[in-house]
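These notes are about the structure you will find just below.
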2 protein chains.
Amino acid sequence: MVTVTVTGVSGLPIIHKGDDVAALIGARYRFSDGDILCIASTIYSKSKGYTKPLSAFIPTERALRLAKLNGEDPRFVQAVLDASADIIMEHPFILSELPFGHIGVRAGVDQSNIEDGNVIFLPPDPMKAADEVRKEIREISGRDVGVIITDTCGRSFRRGQTGNAIGWSGMVAIRDFRGDTDLFGHVLKITEEAMVDELAGFANFIMGESNNGVPAVVFHGCPAWTGHDNLYFTKNEDITRSLLKKEMISK
Amino acid sequence: MVTVTVTGVSGLPIIHKGDDVAALIGARYRFSDGDILCIASTIYSKSKGYTKPLSAFIPTERALRLAKLNGEDPRFVQAVLDASADIIMEHPFILSELPFGHIGVRAGVDQSNIEDGNVIFLPPDPMKAADEVRKEIREISGRDVGVIITDTCGRSFRRGQTGNAIGWSGMVAIRDFRGDTDLFGHVLKITEEAMVDELAGFANFIMGESNNGVPAVVFHGCPAWTGHDNLYFTKNEDITRSLLKKEMISK
């Protein structure tokens, strides 16, 4: 039987700029080769200083308009606009695409788990962030682990957030079953499984969001898989994105 | 530290109508109180005979039109239409709402992992199905376990399928953080987490889809949570649904 052990790494301090997240985790968990470490994007961003005080944002006219429309702080809305490569929906909340391809509510800009009057941005290059943490873990522990940077996201059709992967290293995002057959020898119609999101989702389950949050989770014993890294739809493929973009932006 | 052990229950035979899925799993896994068992909807449906030969479907005009549009067997399209309470999108694939509230591609009708020329339907009442399996596991093992019925689904914005919960028993679907504070004492903005989908997603990771599939996965050691069961948006809340319904149905 396949058995995977999933451990929430507890006892991490509140992270500040300059903290070495990989070293702090490595001091609390003994890694094995093949382990997969999921870390919340917030702690990575805080360690790198991807945060700003709200007072640093001077709202543009668009930010003022959307702040009024959605009942939010215009400086916060400006932070969201600054973080966005493309706005897909303006109301009832801003949905936008980030420069690295992820589509997220309020561009993933977070006012939780940081001192009042500050915001946390997603890492500008989460793939590089995952590579970097992976390399550091290898230097500290001598072990070859996979790393996933996670964010908490809403979705269509279903209430409630789940964890998604926004950066990964040491694995491919999608398991590709193309050419595989099922129990009866038919070639499978479901051919692509978003493995990194299924890991990030359960990591998020373990992490929690509140004051007893655990921002690092390790999976031990996951079977390996092959596939590809094309996790994000292209604009032409994405029916929902096209419709939202067409209808939900004021002219 | 929180540690959860996740086990794929292997060695299950191919399931046929009349098989006792709970007994087959119970013979291969020793449950503890508080374990959460995820089972693939396909094996539950097969055990209950929620399958039909394609030859049983006489395509209507709409099925013939959509079969041509999407390049599918008209009898299969008719099976999808029969299983749907509401069609949300017709092309490039049918997206529909099932009577129990789930929105799924091709109404979750499956041609994989069943003998040629047959289709598997989702259980008509997956909440009742989860209750029933839970009760049976309790009778067999004397243990109080949670049960989740899973399905593999696509999503907006991101390529690849993930596992979702379509029925659950012994837990609430959504963890509700309302009123909780974060590390700095702010009241949290992210207040609802779809716990059952994060479990179903990682169960799907362990299950796989192909001929080495493992249709039952047990989580041991999950912390409990409180919240509610309103996993599905109402029609008015669901922006994506409204837009798809408006634009993607031929007039």
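For the reader, a short list of remarks on this structure follows.
- Selection status of A:I137, touching a residue at least 24 places away in the same chain (Cβ under 8 Å) and either open to solvent by 10 Å² or more (accessible area, probe 1.4 Å) or not in a helix (DSSP H, G or I) (or both): no
- Taking the conditions (1) in contact with a Gly (Cβ under 6 Å, 6 or more places away or on another chain); (2) charged (D, E, K, R); (3) at pLDDT 95 or above in turn, B:D176 satisfies each one other than (3).
- Of all residues in segment A:138-189, those satisfying the criterion of being at positive phi and more than 9 Å from chain B (Cβ to nearest Cβ) are A:G142, A:G170, A:G179.
- For A:V119, the test of being out of contact with any Leu (no Cβ under 6 Å at 6 or more places or on another chain), modelled with pLDDT of 95 or more and not polar (S, T, N, Q) is passed.
- Residue pairs whose Cβ atoms lie under 7 Å apart, separated by 6 or more positions or on different chains, with the first residue in segment B:235-249 and closer than 12 Å to B:D86 by Cα and more than 8 Å from chain A (Cβ to nearest Cβ) and the second of a type in the set (D, E) and crowded, with 17+ Cβ neighbours inside 10 Å, are B:I249/B:E90.
- The residues on offer are A:Y29, A:Y44, and the sole one that is over 17 Å from A:A107 (Cα atoms), surrounded by 13 or more Cβ atoms within 10 Å (Cβ to Cβ) and assigned by TED's automatic domain parsing to the domain that holds A:T152 is A:Y29.
- Within segment A:60-83, residues that are over 17 Å from A:V119 (Cβ atoms) reach partners that are surrounded by fewer than 21 Cβ atoms within 10 Å (Cβ to Cβ) and of a type in the set (A, V, I, L, M, F, W, C) with beta carbons closer than 7 Å, at six or more positions or on different chains, in the pairs A:R62/A:L81.
- Here is the figure for segment A:35-71: residues that are of a type in the set (V, I, T) and either more than 26 Å from A:N164 (Cβ to Cβ) or part of a helix (DSSP H, G or I) (or both) total 4.
- Scanning segment B:142-153 turns up no residue that is over 27 Å from B:I14 (Cβ atoms), among the hydroxyl-bearing types (S, T, Y) and either over 15 Å from the mean Cα position of the chain (by Cα) or not assigned by TED's automatic domain parsing to the domain that holds B:H91 (or both).
- Residue list for segment A:235-251, filter: more than 30 Å from B:R178 (Cβ to Cβ), assigned to a loop (DSSP other than H, G, I, E, B) and among the aliphatic types (A, V, I, L, M): A:I249
- The residues on offer are A:A22, A:A83, and the sole one that is under 23 Å from the mean Cα position of the chain (by Cα), away from chain B (no Cβ under 14 Å) and within 30 Å of B:T7 (Cβ to Cβ) is A:A22.
- A single entry from A:D176, A:D151, A:D180 fulfils the requirement of being within 30 Å of B:E237 (Cβ to Cβ) and among the acidic types (D, E): A:D151.
- Scanning segment B:97-123 for residues that are within 14 Å of the chain's Cα centre (by Cα) and over 11 Å from B:I166 (Cβ atoms) yields B:E97, B:P99, B:V105, B:R106, B:A107, B:V109, B:D110, B:I120, B:F121.
- Checked against the criterion of being touching a strand residue (DSSP E or B) at 6+ places or on another chain (Cβ under 9 Å) and surrounded by fewer than 23 Cβ atoms within 10 Å (Cβ to Cβ), segment A:161-169 has at least one qualifying residue.
- Among the residues of segment B:1-18, the one identified as closer than 25 Å to B:I120 by Cβ, facing another protein chain (nearest Cβ under 7 Å) and open to solvent by 60 Å² or more (accessible area, probe 1.4 Å) is B:I14.
- Residue in segment A:40-48 that is charged (D, E, K, R), on the phi < 0 side of the Ramachandran plot and touching a residue at least 60 places away in the same chain (Cβ under 8 Å) present: yes
- In the condition set (1) out of contact with any Leu (no Cβ under 6 Å at 6 or more places or on another chain); (2) open to solvent by 10 Å² or more (accessible area, probe 1.4 Å), A:P126 is compliant with all but (2).
- Residue tally, condition within 30 Å of A:G185 (Cβ to Cβ), assigned to a loop (DSSP other than H, G, I, E, B) and either assigned by TED's automatic domain parsing to the domain that holds B:L81 or touching a residue at least 12 places away in the same chain (Cβ under 8 Å) (or both), over segment B:192-234: 4
- Hits in segment A:78-92 (condition: surrounded by 15 or more Cβ atoms within 10 Å (Cβ to Cβ) and over 15 Å from A:G104 (Cβ atoms)): A:Q78
The values are calculated or read from the model by the stated rules, or taken from the named source; none is laboratory data. Bear in mind that the values here come from a model prediction, so they are computed numbers and not experimental data. With ideal geometry, Cβ positions are generated from the backbone for all residues, glycine too; neighbour counts draw on all protein chains shown. When the accessible area is computed, the model is the full protein with side chains, heavy atoms only, and any ligands, DNA or RNA have been set aside. Shrake-Rupley method; radii C 1.70, N 1.55, O 1.52, S 1.80 Å.
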